[in-house]
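For reference, the structure discussed in these notes is given below.
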Amino acid sequence: MFDPFGDEIEVFDIDELANHLLEQGLESSPSNLHGCLCGLLSAGAPAQAEAGLALMSQALEINLHGELAGQMLQLYQVTGAALEDEEFDFHPLLPDDDVEIDMRTIAVADWASGFLTGFAQVNQAQVGQDSSEILRDFAAIVEAVVDEDSSEEEAEGAYMEIVEYLRFATLNIFMDSRAESGDRDQPSVH
């Protein structure tokens, strides 16, 4: 397979992406954009990064340009590869653990919101029961806030559980949609 980025793929700097978004006057967060890309891919969007960027722009009603658009094209390809990876190496794009728990929780909610937006942009089929339950869970995660009565340790533990759930639930929806599209593409014998 041809890789237009060669060995240039890097870890995406969430702060750099946030600065580019601010420079372009956009209120979306990097986590929201990544969630949207994941939702698009999980719903069966084309693997071509340009198509993914166009679909994300439509879904979120934004117009990315310059270096940020290039980074989103690369993030789309890297995310698609991570979702297909047999080692389950996919991770949502979220702030580092040294960021305050309140801000990380907002980012998780933004990511889940972006996922739902991207998924709805592309999905044309009835989803299976497991995927339907996951999508309902993601809708609940959109409302996530830190419980002020919980200790820092409890809040961190809850956050980590949600992040791990997002990881594996996203992989589950992605694999389910691939299996379902494969079933629809198979000719039926009568």
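The values are calculated or read from the model by the stated rules, or taken from the named source; none is laboratory data. Just so you know, these numbers come straight off a predicted model, no measurement behind them. With ideal geometry, Cβ positions are generated from the backbone for all residues, glycine too; neighbour counts draw on all protein chains shown. Surface areas here come from the heavy atoms of the whole protein model, side chains and all, with no ligands, DNA or RNA. Shrake-Rupley method; radii C 1.70, N 1.55, O 1.52, S 1.80 Å.
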Test Val127 against the stated conditions and say whether it is within 19 Å of the chain's Cα centre (by Cα), modelled with pLDDT under 90 and under 14 Å from Leu116 (Cβ atoms).
yes
State whether the residues of region 141-157 include one that is modelled with pLDDT of 95 or more, closer than 18 Å to Pro30 by Cα and touching a Ser or Thr at 6+ places or on another chain (Cβ under 6 Å).
yes
Going through region 96-118 in order, the residues found to be open to solvent by 20 Å² or more (accessible area, probe 1.4 Å) and assigned to a helix (DSSP H, G or I) are Ile101, Asp102, Met103, Ile106, Asp110, Ser113, Leu116, Thr117
Give the residues of region 135-173 that are assigned to a loop (DSSP other than H, G, I, E, B) and farther than 14 Å from Ala112 by Cβ, sorted by residue number.
Val146, Asp147, Glu148, Asp149, Ser150, Ser151
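Give the residue, chosen from Leu83, Leu21, that is open to solvent by less than 10 Å² (accessible area, probe 1.4 Å) and under 14 Å from the mean Cα position of the chain (by Cα).
Values: Leu21 fails: under 14 Å from the mean Cα position of the chain (by Cα).
Only one candidate qualifies: Leu83.
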Residue check, Leu68 within 21 Å of Arg104 (Cβ to Cβ), in contact with a helix residue (DSSP H, G or I) (Cβ under 8 Å, 6 or more places away or on another chain), open to solvent by less than 10 Å² (accessible area, probe 1.4 Å) and hydrophobic (A, V, I, L, M, F, W, C):
no
Taking Leu93 and the conditions (1) more than 11 Å from the chain's Cα centre (by Cα); (2) part of a loop (DSSP other than H, G, I, E, B); (3) in contact (Cβ under 8 Å) with a residue 12 or more places away in the chain, which numbered condition does it fall short on, given that it satisfies the others?
(1)
Take the residues of region 24-52 that are in a helix (DSSP H, G or I) and more than 21 Å from Ala112 (Cβ to Cβ): which is least open to solvent (accessible area, probe 1.4 Å)?
Ala49
Quick check: anything in region 144-156 hydroxyl-bearing (Ser, Thr, Tyr) and surrounded by fewer than 12 Cβ atoms within 10 Å (Cβ to Cβ)?
yes
